[in-house]
Amino acid sequence: MRKIERLMNEAVNEALNWKSGNTEVKTDLSNNSRVFLHGNHIATIGEGFIQLFDGGWRTKTTKSRLNSLLFAHGADDHVFQKKGEWFVSTNSGTVKFTTGMILW
């Protein structure tokens with residue numbers, strides 16, 4: 001895991017507002033953390049859920065940040081690319097990635 005991803009996850013875990021380089025975490029009063037990459041919303045992490053977005057850019061960096069969040073917050077799920085398409089591997093199988101999807 002990259003240092004910036006470790007720090008991002010620490011900010012989410014501690015419900016802090018944080019920014020470094022191209023990555024930012026904004027936490028609201030309900031302790032839901034929204035993660036941004038280059039100003040684009042890529043994830044919301046709340047009590048018992050993670051909501052994934054591509055921020056309009058399906059890049060290696062976006063995928064890396066999403067997978068880091070999933071790993072750090074206990075999800076066995078991960079985002080991967082096959083033949084140019086994004087998918088999410090879950091406990092119940094593989095599904096096509098859709099922006100805004102919620103994982104429990």
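The values are calculated or read from the model by the stated rules, or taken from the named source; none is laboratory data. Bear in mind that the values here come from a model prediction, so they are computed numbers and not experimental data. Neighbour counts run over all protein chains shown; Cβ positions are idealised from the backbone, glycine included.
One table, with the values for the structure above:
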quantity	calculated
Filtered residues of segment 92-104 (kept if part of a loop (DSSP other than H, G, I, E, B), at pLDDT 95 or above and of a type outside the set (Gly, Ala, Ser))	97, 98, 99
Single condition residue 49 does not satisfy, out of (1) crowded, with 16+ Cβ neighbours inside 10 Å; (2) in contact with a strand residue (DSSP E or B) (Cβ under 6 Å, 6 or more places away or on another chain)	(1)
Every pair of residues 6+ apart whose Cβ atoms lie under 8 Å, when the first sits in segment 51-76 and is more than 12 Å from residue 40 (Cα to Cα) while the second is hydroxyl-bearing (Ser, Thr, Tyr) and modelled with pLDDT under 95	76/90
Where a residue in segment 9-38 is under 18 Å from residue 49 (Cβ atoms) and touching a residue at least 24 places away in the same chain (Cβ under 8 Å) and its partner, wherever it lies, is in a strand (DSSP E or B) and β-branched (Val, Ile, Thr), with Cβ under 6 Å and at least six apart	12/25; 12/45; 35/25; 35/42
Check on residue 54, under 16 Å from residue 96 (Cα atoms), touching a strand residue (DSSP E or B) at 6+ places or on another chain (Cβ under 9 Å), acidic (Asp, Glu) and modelled with pLDDT under 95	no
Residues within segment 50-91 that are closer than 19 Å to residue 9 by Cβ, in contact with a helix residue (DSSP H, G or I) (Cβ under 8 Å, 6 or more places away or on another chain) and not in a loop (DSSP other than H, G, I, E, B), tallied	9
Segment 22-49, residues that are modelled with pLDDT under 95 and either in contact with a helix residue (DSSP H, G or I) (Cβ under 9 Å, 6 or more places away or on another chain) or among the polar types (S, T, N, Q) (or both)	30, 31
Qualifying residue in segment 80-89 (condition: surrounded by 15 or more Cβ atoms within 10 Å (Cβ to Cβ), modelled with pLDDT under 95 and aliphatic (A, V, I, L, M))	no
Residue match in segment 92-103 (condition: without any contact (Cβ under 8 Å) to a residue 12 or more places away in the chain, out of contact with any Lys or Arg (no Cβ under 9 Å at 6 or more places or on another chain) and under 21 Å from residue 12 (Cβ atoms))	no
So residue 15, is it of a type outside the set (D, E, K, R), over 11 Å from the mean Cα position of the chain (by Cα) and part of a helix (DSSP H, G or I)	no
